[in-house]
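The values are calculated or read from the model by the stated rules, or taken from the named source; none is laboratory data. Just so it is clear, the model here is predicted, and its values are computed rather than measured. Here the Cβ is made from the backbone with ideal geometry for all residues, glycine too, and neighbour counts use every protein chain on show.
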Amino acid sequence: MRTYVQRLRAERADRTAAAIERAALRELRLRGYAALRLADVARRAGVALRTVYLHSRTKDVLVTAALRHRAASLARRVERWRPPEASGAAILDDIVALHERTYRAERQLLEILVGGGAPRGPEVLRSLDRVRLGLIERAVASLARLDALRVRPEDAIALAHAMLAYPTWRSALIGPAHRRAPRLIAEALRTSLLVEP
């Protein structure tokens with residue numbers, strides 16, 4: 001009986017921590033770091049202000065922990081990606097599709113990090129960028145093994161890194177391309193990086 005009660009208590013504490021984290025990121029996105037108030041986070045999370053203080057002593061600690069936790073979760077998900085055993089075009093299409101899914105799912109986090117103002121935001125953004133660069137290097141290595149590259153691997157990595165960066169992606173989505181942006185980015189990468197079949 002006692003183990004069951006402890007497990008329920010732990011599950012409730014995890015749900016509360018997750019609600020506080022989501023609320024902190026949402027408030028940070030809406031108000032910015034300077035205007036963020038822990039009372040607003042508590043209200044959005046549906047908990048007492050005291051509960052927020054029990055989870056994090058200060059606004060800085062709360063925001064930093066929320067950003068790092070969310071970024072670590074994102075990194076674990078995308079690090080599993082491996083280039084498909086397929087043509088060069090299929091590899092590029094797959095990495096573009098991965099970026100599209102990731103950017104759609106984590107738009108709130110990325111907007112906070114790119115927008116600046118959050119403590120440790122640039123540090124978290126650099127760590128995510130290192131993960132993204134690793135994915136691109138894997139994809140380019142697969143393309144090189146297939147002899148599918150028309151440019152040097154280093155140049156292919158640099159170009160793919162620039163074209164798949166979140167600020168570039170966001171500009172493409174809000175510009176005239178709108179929903180066609182992922183397809184256009186994939187076509188630009190295929191044209192720039194791959195030898196003619």
> In this structure, is residue 94 under 30 Å from residue 143 (Cα atoms), modelled with pLDDT of 90 or more and surrounded by 15 or more Cβ atoms within 10 Å (Cβ to Cβ)?
Replying inline: yes
> Looking at region 164-184, which of the residues that are buried (at least 16 other Cβ atoms within 10 Å of the Cβ) and in contact with a helix residue (DSSP H, G or I) (Cβ under 6 Å, 6 or more places away or on another chain) is modelled with the lowest pLDDT?
Replying inline: 173
> Looking at region 79-197, what helices (runs of 4 or more DSSP H) fall wholly within it and have at least 2 residues that are among the aliphatic types (A, V, I, L, M) and closer than 23 Å to residue 28 by Cβ?
Replying inline: 107-115, 121-145, 166-174
>> Among the residues of region 100-108, are any in the same structural domain as residue 82 (by TED's automatic domain parsing) and in contact with a Ser or Thr (Cβ under 8 Å, 6 or more places away or on another chain)?
In response: no
> residue 34 fails exactly one of the following numbered conditions: (1) of a type in the set (Gly, Ala, Ser); (2) part of a loop (DSSP other than H, G, I, E, B); (3) surrounded by 16 or more Cβ atoms within 10 Å (Cβ to Cβ). What is the number of that condition?
Replying inline: (3)
>> Which pairs turn up if I take residues in region 55-67 that are assigned to a loop (DSSP other than H, G, I, E, B) and look for partners that are at pLDDT 90 or above with beta carbon separation below 6 Å, at least 6 apart in sequence or on another chain?
In response: 56/62
